[in-house]
1. Looking at residue 55 and the list (1) crowded, with 17+ Cβ neighbours inside 10 Å; (2) under 30 Å from residue 113 (Cβ atoms); (3) within 19 Å of the chain's Cα centre (by Cα), which single condition is not satisfied?
2. Taking the stretch 162-213, which residues are crowded, with 20+ Cβ neighbours inside 10 Å and among the basic types (Lys, Arg)?
3. Count, please, the residues in the stretch 1-57 that happen to be part of a loop (DSSP other than H, G, I, E, B), under 26 Å from residue 89 (Cβ atoms), of a type outside the set (D, E, K, R) and in contact with a Leu (Cβ under 7 Å, 6 or more places away or on another chain).
4. So which pairs qualify, if the first residue must be in the stretch 17-46 and under 18 Å from residue 66 (Cβ atoms) and touching a residue at least 60 places away in the same chain (Cβ under 8 Å), the second must be among the basic types (Lys, Arg) and assigned to a loop (DSSP other than H, G, I, E, B), the Cβ gap must be under 6 Å, and the two must be at least 6 apart or on different chains?
5. Since residue 225 meets every condition but one in (1) at pLDDT below 95; (2) touching a Gly at 6+ places or on another chain (Cβ under 9 Å); (3) on the phi > 0 side of the Ramachandran plot, which condition does it not meet?
6. So how many residues does the stretch 70-87 have that are surrounded by 18 or more Cβ atoms within 10 Å (Cβ to Cβ), aliphatic (A, V, I, L, M) and within 17 Å of residue 44 (Cβ to Cβ)?
7. Being farther than 26 Å from residue 19 by Cα, free of Cβ contacts under 8 Å to residues at least 40 places away in the same chain and in a strand (DSSP E or B) is the filter here; which residues of the stretch 64-90 pass it?
8. Of all residues in the stretch 166-181, which are touching a residue at least 24 places away in the same chain (Cβ under 8 Å) and assigned to a helix (DSSP H, G or I)?
Amino acid sequence: MTPGTGSLSFRLRADGARTVAETCAARSPLKLLTPKNHGSSAWVFSASFGGGLVDGDTVAVEAQVHRGARALLGTQASTKVYRSESLGCRQTLAAHVAEGGSLVVLPDPVSPFAGSRFTQRNEVYLADGASLLLVDAFSCGRAAHGERWDFARFASTTRVHRGDALLFHDAVLLDPAHGALAERMGRIEAFATLSLFGERFRPIVDAVLAEGAPLTRRADVLASANRLVTGVTGAEVGAVVRLAAISVERLTTTLRTLLRNLPEILGDDPFARKW
């Protein structure tokens with residue numbers, strides 16, 4: 001088993017002009033890239049020395065966004081998960097965002113190849129006044145090679161906390177033991193869940209909820225957007241958007257449209273400036 005660990009810490013510069021990554025450490029097979037951008041946020045993109053995850057690989061990233069800091073975590077390309085014989089692959093993110101801080105988690109879709117086993121967990125802790133935008137996306141695998149939903153197991157869990165309260169718990173489990181995946185998925189080849197919390201991303205939430213396009217049969221992209229509210233008071237705590245698309249290209253194009261206000265918020269376009 002090959003453990004890959006990453007440690008990140010983001011802090012607002014003394015003059016308050018921009019955020020810097022004061023800690024950025026990684027151990028193979030994980031590597032972290034820190035490209036420059038024109039905005040005030042610090043950006044880090046993850047990649048793999050082997051071009052993907054092989055059986056037994058584990059990747060664990062811890063991130064701390066300090067008070068008032070702004071950070072983006074992305075991937076250089078899709079996370080490829082190769083065939084697993086027994087152990088499978090695991091990927092985790094544990095992030096803490098302090099008051100006034102904001103975190104964007106914007107990875108490319110995970111691509112689980114035929115016979116692969118993959119488990120992912122995102123755990124994010126928000127202080128009062130902190131904001132989060134998180135995308136969890138995955139595809140059917142290598143459709144161009146005839147691999148559609150041929151993996152052995154895929155599991156992904158996202159949990160978002162604010163203080164002692166659990167705001168959001170979302171879990172996906174796809175296992176052919178529960179029924180043939182390709183038959184169940186039909187035309188669909190890619191999924192994404194976009195979750196948003198905090199005032200920093202209010203312009204995106206308002207725009208997404210205002211559009212409210214109805215679901216239509218045989219559409220290239222199916223989309224559903226909802227407010228997240230507390231069960232006690234009914235107060236809004238965030239929003240969630242779920243997407244299903246006939247291809248990764250249609251999925252990413254739709255995500256980019258939904259997040260068209262993000263470059264203005266960040267001061268630069270993360271879709272165009274990975275390298």
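1. Condition (3) is where residue 55 drops out.
2. Scanning the stretch 162-213 gives 162, 200.
3. Within the stretch 1-57, residues that are part of a loop (DSSP other than H, G, I, E, B), under 26 Å from residue 89 (Cβ atoms), of a type outside the set (D, E, K, R) and in contact with a Leu (Cβ under 7 Å, 6 or more places away or on another chain) number 2.
4. Matching pairs, first to second residue: 40/18.
5. (3)
6. Total meeting the criteria: 3.
7. 79, 80, 89, 90
8. Listed by number, the residues that qualify are 176, 181.
The values are calculated or read from the model by the stated rules, or taken from the named source; none is laboratory data. Predicted model, so just to flag it, every value in this text is computed and none were measured. Ideal geometry is used to build each Cβ from the backbone, glycine not excepted, and the neighbour counts take in all protein chains shown.
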